[in-house]
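Take a look at the structure set out below.
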Amino acid sequence: MFTRISLTMVLLSLLPALAAQPLYQPLGQPASDLSDKPEWNLTISPDGQGLPAGSGTASQGKHIFEQHCAACHGFGAIGGSAMPLVGEVGSLASEYPEKTVNSYWPFATTLFDYIRRSMPPSAPFSLNSNEIYALCAYILSQDGIIEADVELNAVTLPQVTMPNRNGFSATYPQ
């Protein structure tokens, strides 16, 4: 039978061996090893740098929207259980401003980035680039920001001028 002193002595004798072992088993690889892989770099800048190849129109986007988005955002993107995406352009200076994609967001490239990363909520990253460009075209055409027949792609999407493009100021001006 162990006494309190002998058990303490046994534990103390094990300390050097325990100290040599890591407290965890490292998994995966450092993130710095992944940053140079294009499939991991999903950053899209306002000028369009980082946008993938592909294209889409509003008519294509309408069908995709009805399949994947209307259940939450309502038909026509006017709102449902999720926020409205369209409408209220020009309302930001009013007594009751409405922050929709088309009234508030300063860059159209942000719309592509957001859809790719988080929509639909049950399956982010499930839409391909053509579908995302088409959804952007559909949403932007709802308020006349672009014409319904405009094809959006990596060149044309950054050229879209959003109504609130100049509505933000830099926190840290250059």
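Check Ile139, Ile115, Ile132, Ile145 and return the single one that is part of a loop (DSSP other than H, G, I, E, B) and either at pLDDT below 95 or surrounded by 13 or more Cβ atoms within 10 Å (Cβ to Cβ) (or both). Checking each option against the conditions leaves just Ile145. Scanning the stretch 15-64 for residues that are modelled with pLDDT of 85 or more, of a type outside the set (Val, Ile, Thr) and in a loop (DSSP other than H, G, I, E, B) turns up Ser45, Pro46, Asp47, Gly48, Gln49, Gly50, Leu51, Pro52, Ala53, Gly54. Does the stretch 148-162 hold any residues that are more than 17 Å from Gln49 (Cβ to Cβ) and either surrounded by fewer than 19 Cβ atoms within 10 Å (Cβ to Cβ) or hydroxyl-bearing (Ser, Thr, Tyr) (or both), and which are they? Correct list: Ala148, Asp149, Val150, Glu151, Thr161.
In this structure, does Lys99 turn out to be in a loop (DSSP other than H, G, I, E, B), over 27 Å from Asp149 (Cα atoms) and modelled with pLDDT under 85? Answer is no for this residue. Scanning the stretch 65-91 for residues that are polar (S, T, N, Q) and in a loop (DSSP other than H, G, I, E, B), we see that the one that is surrounded by the most Cβ atoms within 10 Å (Cβ to Cβ) is Ser91. Go through the stretch 154-174 and give me each residue that's more than 15 Å from Leu85 (Cα to Cα) and in contact with a helix residue (DSSP H, G or I) (Cβ under 6 Å, 6 or more places away or on another chain). Within the stretch 154-174, Leu157, Pro158, Val160 meet the criteria. For the stretch 79-118, the set of residues classified as over 19 Å from the mean Cα position of the chain (by Cα) and of a type in the set (Ser, Thr, Tyr) consists of Ser81, Ser91, Ser94, Tyr96, listed by residue number.
The values are calculated or read from the model by the stated rules, or taken from the named source; none is laboratory data. Here the structure is a predicted model, which means the values were calculated and not measured. Glycine also receives a Cβ, built like all others from the backbone with ideal geometry; neighbour counts cover every protein chain displayed.
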